[in-house]
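Only the coordinates and a few stated rules stand behind these numbers; no lab work does. These numbers come from a predicted model, not from an experiment. Glycine also receives a Cβ, built like all others from the backbone with ideal geometry; neighbour counts cover every protein chain displayed.
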Amino acid sequence: MRILTLNPGSSSLKAAVVHDGVAVGWAAWQSEMSRAVVDAVERWPLPDAVAVRFVHGGTQKSPVLVTDRVVANLDRLVPLAPIHQPLSLDVARQVRDLLPGVPVVACFDTAFHANLPDAAAHYPLPRQWTRQNRLRRYGFHGLSVQYAVRRTAELLRRPVDELQLVCAHVGAGVSVTAVRGGRSVDTSMGFTPLEGPAMATRSGSIDPGLLLHVMKTAPMGPDELADALCLRSGLAGMSGTSGDLGEVRAAAAAGNADAALAVEVYVHRLRREIGAAAVSLGRLDALVFTGGVAHYQPETVAEVAHGLGVLGVRVGELAQSDADRVISSAGSAVPVLVVRAREDLELARGAEAVLADLGSEVHRARTADRSEVR
Ligand SMILES: Nc1ncnc2c1ncn2[C@@H]1O[C@H](COP(=O)(O)OP(=O)(O)O)[C@@H](O)[C@H]1O
Ligand SMILES: CC(=O)OP(=O)(O)O
Ligand SMILES: [Mg+2]
């Protein structure tokens, strides 16, 4: 079965064709996103189905076939993922128009975290707010984490059920998840993908009291505030350069003190979240890094890992490599791995599962029809 996978992230749109579980074509767009879907559809032969990544699926626990009703429901979640959800909706709408008759499946980042323990899922806020607004930690990057966990189990030759690990997804968005026996038990992103470590252009967690102070001293509307926290903060906001860590590092090396501080804060906050995730587990069997930064910028992974001796982590010098691998030194009490983010494979699995369910529903309906006739 050929699945076209479309993964709109905050800094790129990635497409892949996955044939019977194996990726056979890739493409990525960092700009001109409006042309990206047309390009992707024209580039490869007609697929059996299309899978689209949606970061927010609310309380949805598994992928679903995209219908007009599903689109309307996902549209309501736009305010909870303002820099991702509109793009995914746009991609799904375009692909349905361009490929009528080809099933489109929505796969959700949030699904992997749908069964978080209560203590991790709840915010200590007034009960009425929580009920009225369905406030909870949804968690994101679930498709990436789910793949990284499976790949880690393969590389360590251990069953997923037995592994307790921390997975840091370090891309334009950054999150840290604690996974016990293949299930998410805590994660740094929350009600929206704004909580947690500092990110490319997102602030990550900040003191809510600080926001109250800013709102009093320099009043602004919710849209302006959202713009500042989602697009003008993080590495970009602190350094005054860009959200790309490679560029911020280059600016720091050229003597830009703001850029140097931005990298320090970024690394510090990521370590802090890894420590917090580790204590949500009974023991730490592995620490896994995935995402664009983990893949392309090993110096950042090494720098983060060097500060994690308290967790029994030891990592030496690292070179860039395309291979998924264990990067910890021989004496490390905890294996550390870098695994390429493969949301494409997870998206294809989701689409295949939905199509298989639809196939068996049709089969059940036909069998029921026949027995009624008899
Ligand atoms: N070819 C590359 N060389 C160096 N760094 C890269 C490269 N590609 C991606 N990155 C790093 O990864 C980040 C994007 O990560 P990614 O996981 O692809 O983001 P997203 O999926 O959110 O768009 C970039 O900001 C950059 O820091
Ligand atoms: C959830 C999220 O932040 O995704 P991305 O890193 O792809 O922007
Ligand atoms: Mg991404």
Given H placed on each backbone N at 1.01 Å, which residues far from L337 in sequence or on other chains put an amide H within less than 5 Å of it? L287, V288, F289, I327
Calculate I(q)/I(0) for the chain by the Debye formula, one identical point scatterer on each C-alpha and no solvent, and give its log10 at q = 0.06, 0.15 Å⁻¹ to two decimals. -0.23, -1.43
At a Förster radius of 30 Å, what calculated FRET efficiency corresponds to the Cβ-Cβ distance of V310 and M215, to the nearest 0.05? 0.25
Residues of segment 24-52 with amide N under 20 Å of the 7 Å Cα→Cβ point at D90: 27-43, 51-52
Mind listing the Cα extents of segment 252-374 along all three principal axes, in Å, largest one first? 80, 36, 26
Let's test the formula: R0 of 25 Å, r as the Cβ-Cβ distance of A276 and W26. What FRET efficiency results, to the nearest 0.05? 0.15
Here D for segment 76-227, in µm²/s, from Stokes-Einstein with a Kirkwood Rh over Cα pairs at 10 °C and 1.306 mPa s, works out to 91 µm²/s
Quick P(r) readout (segment 142-338; Cα-Cα; 10 Å bins; whole %) gives 9, 35, 34, 16, 5, 0
Between segment 180-237 and segment 110-172, how many Å separate their Cα centres? 18 Å
Please give the residues of segment 4-42, grouped as numeric ranges, whose backbone N is less than 20 Å from a label point set 7 Å along the Cα-to-Cβ vector of N256. 11-12, 31
Tell me, what is the FRET efficiency for R2 and S242 to the nearest 0.05, using R0 = 30 angstrom and their Cβ-Cβ distance as r? 0.25
